[in-house]
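One structure is given here, and the rest of the page talks about it.
The values are calculated or read from the model by the stated rules, or taken from the named source; none is laboratory data. All values reported here derive from a predicted model rather than from experimental measurement. Cβ placement follows ideal geometry from the backbone for every residue including glycine, while neighbour counts extend to all protein chains displayed.
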Ligand code: CAA
């Protein structure tokens, strides 16, 4: 499928999805949200793709929801727009493959909310991240009030959400908002390297680890542990764990990797 505001390139087992709306610093309008949902569904179904990198073209990852589009909305329309954004980012969060955000520049409002729906965030030294919605008289709408405190704790999250001030990459690293910070020209390489490594692991195990972490986060350790025991059983039931263990002893690649090469 062709997309207007997204570019998709495959490299090895990794698909790089680039948000590309240069005139609006990659702001996420309704059309781009729909495209993200469709792109993720396609990539989920593509057996040749083991991991996804999400990034932005130019100086922004994404400068937020599209303010021009928002400016024309009444209350009900804004609510529906928030629901669409939340659906798009849930699609990223629940994808059965890892999604790594390569945060190349401004990740503000909906842009940071998109990055937070990804499993791992790598930032360039040029990245600026924040939730400036309150400066516009609005709350975040695409999950920012929920994912940010879960990632970095209530105090720091509330400072970012209530002041609307952006933080730089070094601060984001010290808060645990991003996993690592690299030079701008190393960003895509670093994200792809991590994506390829994860894509070489057992595909079912990767999907199940994501699901256990995401679904277990809202529960107690016992309930989450039950999810984990089920996942562990599934890995053996479908044969992946047996194959992985045999490959270890026979000092060869596991079959899922040979199939993809
Ligand atoms: N939506 C629509 N257009 C946007 C945009 C956005 N979020 N952000 C930037 N643009 C447009 C600008 O209007 C400008 O267009 P023109 O050239 O036609 O004037 C163009 O992109 C370039 O932007 P700037 O000239 O402002 O670029 P800059 O380098 O001087 O500043 C910036 C960069 C600091 C990111 C600044 O553009 C900015 O503050 N953008 C808005 C950020 C923001 O408030 N995001 C939150 C949006 S609300 C949201 O996301 C709600 C939600 O959770 C649901």
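Observations
- Where residue 231 falls short, out of the listed (1) exposed (fewer than 13 other Cβ atoms within 10 Å of the Cβ); (2) assigned to a helix (DSSP H, G or I): (1)
- Top-ranked residue in region 107-128 [being away from the ligand (no atom under 11 Å from the Cβ) and more than 9 Å from the chain's Cα centre (by Cα); ranked as farthest from residue 29 (Cα to Cα)]: 125
- The strands (runs of 3 or more DSSP E) falling completely within region 91-171 that include 3 or more residues that are in contact with a helix residue (DSSP H, G or I) (Cβ under 7 Å, 6 or more places away or on another chain) map to 99-103, 120-124.
- Any hit, region 209-222, residues being in contact with a strand residue (DSSP E or B) (Cβ under 6 Å, 6 or more places away or on another chain), in contact (Cβ under 8 Å) with a residue 24 or more places away in the chain and in a helix (DSSP H, G or I): no
- Condition met for residue 8 (more than 16 Å from the ligand (Cβ to nearest atom), surrounded by fewer than 20 Cβ atoms within 10 Å (Cβ to Cβ) and closer than 20 Å to residue 115 by Cβ): yes
- Taking region 130-161 as the range and being within 7 Å of the ligand (Cβ to nearest atom) and exposed (fewer than 14 other Cβ atoms within 10 Å of the Cβ) as the test, only 135 passes.
- One residue alone among 18, 23 is within 14 Å of the chain's Cα centre (by Cα) and either surrounded by fewer than 22 Cβ atoms within 10 Å (Cβ to Cβ) or not in a strand (DSSP E or B) (or both), and that residue is 18.
- Given (1) under 22 Å from residue 94 (Cα atoms); (2) under 17 Å from the mean Cα position of the chain (by Cα), number of the condition residue 188 does not satisfy: (1)
- Look at region 127-153: where a residue is outside the structural domain of residue 217 (by TED's automatic domain parsing) and within 27 Å of residue 183 (Cα to Cα) and a partner is within 8 Å of the ligand (Cβ to nearest atom) and in a strand (DSSP E or B), sitting 6+ places away or on another chain with Cβ atoms under 7 Å, you get 128/106; 130/108; 132/108.
- Exclusive hit being away from the ligand (no atom under 15 Å from the Cβ) and either over 19 Å from residue 185 (Cα atoms) or in contact with a strand residue (DSSP E or B) (Cβ under 9 Å, 6 or more places away or on another chain) (or both), set 94, 104: 94
- Residue identified as in contact with a strand residue (DSSP E or B) (Cβ under 7 Å, 6 or more places away or on another chain), crowded, with 20+ Cβ neighbours inside 10 Å and over 23 Å from residue 181 (Cβ atoms) among 49, 99: 49
- Residue in region 42-50 that is within 16 Å of the ligand (Cβ to nearest atom), touching a helix residue (DSSP H, G or I) at 6+ places or on another chain (Cβ under 8 Å) and within 25 Å of residue 11 (Cβ to Cβ) present: no
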